[in-house]
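Trainee: Please find one structure pasted underneath; my questions will follow.
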Amino acid sequence: VTRDDRIAAALRPVFAAEAAPLAASLAEAAGAARADEVADGAHRLLGMAASVHETAVADAARALERAADGGAPPGELRERAAAVTAAVAAALAGSGS
Amino acid sequence: VLVIDDDAVVRAWVRLSLEGTEFYVAGEAATAADARTLVGRRRPRVLLVDLHLGAKGSTSGIDLVRELRLDGEQAAALVMTARPETGLNELAVTAGAQGTVLKRGRADDLLEALRAVVGGGEAFDPEHPRAPVESGRQVLSKREREVLGLVAAGATNNEIAADLGIGEETVKTLLARAYTKLGVRRRAQAVAAAHERGLL
C-alpha cells in the first residue's frame, strides 16, 4: 500500500458524500440538455475521482465532459451521464461506503 | 501553501499530501474572492490554484494569478487542473505562474513541483500540449476563428469537421486552443468572448 493509496482511502468518506449528489445533478442537467452545466460538473467530478484513484469514475466523467464540450446531442449526454452515475455507484459499493 | 480550489475533495487531498513534509497548508479558499483575502492575511510562499474555479463565468485560476501579480503578489504560483489542456503551460507563464500540476492523485508529483518553485525554479507539466504563440500575443488563428464561427452558428464538432474537411479531433484541438487563448472554458463563453473582441 503506497502513501497515495492511504491518502485515497482517507478521502473516501468525503468522496462518497460529494460524488453521489454531483452525479445526480449531472444526470438532471443532462436530461435538461444544459451542456455547460454538465461540462462544469463532469470536470469537477473528474478532479475529485482522480484524487481518490477512482479510475472508472474519472474516465466516465472525462467522457461526459468531452461530450458536453463537443456539443453532443441530448441523447448522448443522457447516456454518458447515466454511465457516470453507474460508475459512482460501483465505486461507492466497492469502497463499502 | 495556500490551496485555492472549489472542490473539497481536492483541497483535502492536498492537505493530506503535505502532511509530514516541509510544507503545510496556510489556508484554503474555494473562490477567487476568498483567495484574494487570504493571500493578504496568510502571506503564503506558494499559491496552488485550480484552473477551473467554480462554474462558468467565474474567475479562472489563470485570471486570479494574473490579477495577483498585477497587485504585486510575489508568492510562487502553481496552476492545477484535472486534464491536459492545450497551451496551459504557455498561458500560465504569461499570467506569471511558475508551474502547472495535473491532478493525478500522486503526492510526489505535487511535492516535486512545490520544491521546484519554492527553490526559485519552474515545474510545468509536459502533458499539457503546446500552443503556438504569435508575436508574443495570444490571438486566434484563421482556422480557430472558422471553427468558432461555426460553433456560433450552432454546429456540433462533427458537423464542423465535415464542413471544414478536417477530423473531429482536430476540431477539438482548435477549440481547446481558442478557449485557452480567450481565457474561457465553454463553447458559449468562447463565442461571446470572440464577439466581444471583434474576432468573429
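Trainee: Which number gives the lysine pairs in the protein assembly as shown that have C-alpha atoms under 21 Å apart and are eight or more places apart or on different chains?
Mentor: Numbers: B:K56/B:K103; B:K56/B:K172; B:K56/B:K181; B:K142/B:K172; B:K142/B:K181; B:K172/B:K181.
Total qualifying Lys-Lys pairs in the protein assembly as shown comes to 6.
Trainee: How far apart, in nm, are two points set 7 Å out from the Cα along the Cα-to-Cβ line at A:A33 and at A:A17?
Mentor: Placing both labels 7 Å along Cα→Cβ, they lie 3.7 nm apart.
Trainee: For the pair B:R69 and B:K142, how long in nm is the line joining their label points, each one 7 Å along Cα→Cβ?
Mentor: Simple spin-label model gives 3.1 nm for this pair.
Trainee: Taking chain B as a Gaussian network, where each spring joins two C-alpha atoms under 10 Å apart, which residue of B:L51, B:L111, B:L64 fluctuates the most?
Mentor: Of B:L51, B:L111, B:L64, the most mobile in the Gaussian network model is B:L111.
Trainee: Can you give the helix-only mean residue ellipticity at 222 nm for chain B, where every DSSP H stretch with n ≥ 4 adds -39500 (n - 2.57) and the sum goes over all residues, rounded to the nearest 500 deg cm²/dmol? Walk me through the numbers before you get to the answer.
Mentor: Values: 9 runs with 96 residues, N = 200.
That calculation yields -14500 deg cm²/dmol at 222 nm.
Trainee: Still on this structure, please answer the following. Mind checking which of A:A8, A:G41, A:A58 is farthest towards the positive end of the range A:1-83's charge dipole, using Cβ charges of +1 (Lys, Arg) and -1 (Asp, Glu) about the Cα centre?
Mentor: Of the listed residues, the answer is A:A8.
Trainee: Of all DSSP beta bridges located in chain B, what percent are antiparallel, nearest 5? Spell out each step's value before the answer.
Mentor: On the way: 1 of 17 bridges.
Within chain B, antiparallel bridges account for around 5 percent of the total.
Trainee: So which residue, out of B:R41, B:R69, B:R145, gets the largest mean-square fluctuation from a GNM of chain B using Cα contacts under 10 Å as springs?
Mentor: B:R41
Trainee: Applying the Karplus parametrisation 6.51 cos²θ - 1.76 cosθ + 1.60 with θ = phi - 60° to the phi angles of the range B:120-130, what ³J(HN,Hα) value in whole Hz is obtained for each residue in order, glycine and proline being reported as x?
Mentor: My calculation for the range B:120-130 gives x, x, 10, 8, 9, 5, x, 6, 7, x, 6 Hz in order.
Trainee: Now for a different question. Which whole number in µm²/s is D for the range B:135-190 by Stokes-Einstein, with the Kirkwood Rh taken over Cα pairs at 37 °C and 0.692 mPa s?
Mentor: Translational diffusion coefficient: 293 µm²/s.
Trainee: Considering amide H positions built from the backbone, and no H for Pro or chain starts, which residues 5 or more places from B:A26, or on another chain, come under 5 Å of its amide H?
Mentor: The list, which skips near neighbours in sequence, is B:L2, B:V3.
Trainee: Picking from A:A91, A:A72, B:G121, whose Cα lies most toward the positive end of the charge dipole for the protein assembly as shown (charges on Cβ: Lys, Arg +1; Asp, Glu -1)?
Mentor: The Cα lying farthest towards the positive end belongs to B:G121.
Trainee: Report for the protein assembly as shown the percent antiparallel among DSSP-assigned beta bridges with both residues inside it, nearest 5. Before the final figure, lay out the partial values.
Mentor: Details: 1 of 17 bridges.
About 5 percent, rounded to the nearest 5.
Trainee: How do B:V151, B:V1, A:V1 rank when sorted from fewest to most other Cβ atoms within 10 Å of their own Cβ? Write out the running numbers ahead of the final one.
Mentor: Numbers: B:V151 23, B:V1 26, A:V1 7.
The fewest-first ordering by Cβ neighbours comes to A:V1, B:V151, B:V1.
Trainee: A further question follows. Students often get this wrong: which residues of the range A:59-81 have the backbone nitrogen under 20 Å from the point 7 angstrom along Cα-to-C-beta of B:A162?
Mentor: Residues passing the 20 Å test: A:67-77.
Every number here is computed from the coordinates shown, using simple stated rules; none is lab data. Bear in mind the structure is a predicted one, so any value in this text is a computation, not a measurement. As a convention, Cβ positions derive from the backbone with ideal geometry for all residues, glycine included, and neighbour counts pool all protein chains shown.
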